[in-house]
Amino acid sequence: MATKSRELAVVVSLLLVSVTVSLAQEFSCTSRKTCKQMRSCGEVVYRLRQCGDRERDGDNDGIPCEAICGKTHTEMKRRLDGGL
């Protein structure tokens, strides 16, 4: 079970890195935003990874702004892949 969890964490981390790189030109870290002010899961992930905005992931599960990105890593991946 622990191995599967680690594998999932690695996959999610790699996904978030690739999304972050592709979104780097679209978003910025200039102003402070709440989850309600963000337009997409991509923006939320960018702000978490690039800006260090850890407040958007209150429960430290790797899923920021769960109302936007979903409550599971699978749902977050689907939303990121769909450009939501």
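Within segment 49-76, name every residue whose backbone N is under 15 Å away from a label modeled 7 Å from Cα of residue 29 along the Cβ vector. Of the residues in segment 49-76, 49-56 have backbone N under 15 Å from the label point off residue 29. 3J(HN,Hα) along segment 28-41, derived from phi through the Karplus expression 6.51 cos²θ - 1.76 cosθ + 1.60 where θ = phi - 60°, amounts to 9, 9, 4, 9, 7, 10, 8, 4, 5, 8, 8, 8, 7, 5 Hz, with x in place of Gly and Pro. Cβ crowding within 10 Å, taken as a proxy for footprinting-reagent exposure, orders 71, 33 from fewest neighbours to most as 71, 33. Applying 1/(1 + (r/R0)^6) with R0 = 25 Å to the Cβ-Cβ distance of residue 84 and residue 59 gives a FRET efficiency near 0.75. Here's the picture: a label point sits 7 Å out from the Cα of residue 36 along the beta-carbon direction, and within segment 53-67 the residues with their amide nitrogen under 18 Å of it are 55-58, 65-67.
Each value in this text was obtained by applying a stated rule to the coordinates, not by laboratory testing. This is a predicted model, so every value here is computed, not measured. Here Cβ is always computed from backbone atoms with ideal geometry, including for glycine, and neighbour counts include all displayed protein chains.
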